[in-house]
Amino acid sequence: MQPLATVLCTSGLAIEAKIARAAGFSAVIRAGDREDTAALVETAAAQTNFLVSFGIAGGLAPELAAGTVIVSGEVVSEQQRWANRSPHKEQVSRFASSIGAIEGLVFGAGSILATQTEKKRAWAATRALIVDLESEIVARTATALGIPFVVLRTVADTARRNLPPASLIPLDANGKPYMSKVFAEVLRRPSQLPEMIGLAQETRIALSALIGPARALRGLVAAAEARHGFFHMA
């Protein structure tokens, strides 16, 4: 499948980027240093006219279950807020409605929110539905370039989930876990194993739930390219 040159997906996990590419999108992936991630996205974004923050996320809204699909054209950080303007704002809303997703604010965090307490605090402060580490970079870059963006993510760890220490071990630069370090951490503190199993189950649900929306977005953009309508920058 030929990737859509006009659309760039940004993800933090290798498996997220794999799903995006399977749906026909170009994708950049970078885990770890945020400045490196921002530089990579800015360089790649110069060749596109639409950015997507794509993948799984942490739930902040208490009612959201694992696998819930979230679509947003609005991102807030601790210091700033970014939003699409018309007509792109309405186009994002129509897309969310067309796939049965929940539309709402996304919190772009500078670090992982690992505990229920941190998630509850972020929810109270922002009323954002979900949190991730790439959406702030995507929204900021798109706004600086004058192009639209969308967040397309599914809930993995819910607001009720505390992330065990083994899950917080940094990924490599290509978005893959250091499995030897993860196993060593679980062996060192085996009490976290039930939380790791629960998190793995939620993550599988979230990743599976990404596939259909990714294909839907690909089809929508492909049709738009043919008629020069959807997300077209005049």
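Miscellaneous remarks
- Prolate/oblate/rounded label for segment 79-162 (Cα gyration tensor, a/c 1.5): oblate
- With the simple spin-label model, which puts each label point 7 Å out from Cα in the Cβ direction, the residue 144 to residue 116 separation comes to 3.9 nm.
- Value of [θ]222 nm, deg cm²/dmol, for the chain, DSSP H segments ≥ 4, -39500 (n - 2.57) each, nearest 500: -14000 deg cm²/dmol
- Counting only alpha carbon atoms, the long axis of helix 193-227 and the longest principal axis of the chain meet at about 10°.
- D_trans [Stokes-Einstein, Kirkwood Rh over alpha-carbon pairs] for segment 177-222, 4 °C, 1.567 mPa s, µm² s⁻¹: 101 µm²/s
- On Cα atoms only, tilt of 179-188 relative to the major axis of the chain in degrees: 30 degrees
- Each Lys or Arg adds one and each Asp or Glu takes one away; over the other residues whose Cβ falls under 11 Å from the Cβ of residue 81, this sums to -2.
- Of all DSSP bridge pairs formed entirely within segment 4-227, close to 30 percent run antiparallel.
- Computed over the alpha-carbon atoms, segment 121-198 gives an Rg to Rh ratio of 1.07, Rh here being the Kirkwood radius from the mean inverse distance.
- Gyration tensor verdict on segment 32-122 (Cα atoms; rounded if a/c is under 1.5, prolate if a/b is larger than b/c, oblate otherwise): oblate
- Principal-axis analysis of the Cα atoms of the chain puts helix 135-145 at an angle of about 30° to the longest axis.
- Debye, to nearest 20: dipole size of the chain, +1 on Lys, Arg Cβ, -1 on Asp, Glu Cβ: 340 debye
- Packing around the peptides 107-118, 50-61, taken as the average count of other Cβ atoms within 10 Å per residue, puts them in this order, highest first: 50-61, 107-118.
- Equivalent ellipsoid semi-axes - Cα gyration tensor, segment 4-227, angstrom: 28, 18, 17
- Annotation: extensible slack from residue 35 through residue 14 equals 5.7 nm (criterion: 0.36 nm per residue apart, minus Cα-Cα distance).
Each reported figure results from applying straightforward, stated rules to the coordinates on display, with no laboratory input. Source: prediction; values computed, not measured. Counting neighbours? That spans all protein chains shown, and the Cβs are built from the backbone with ideal geometry, glycine included.
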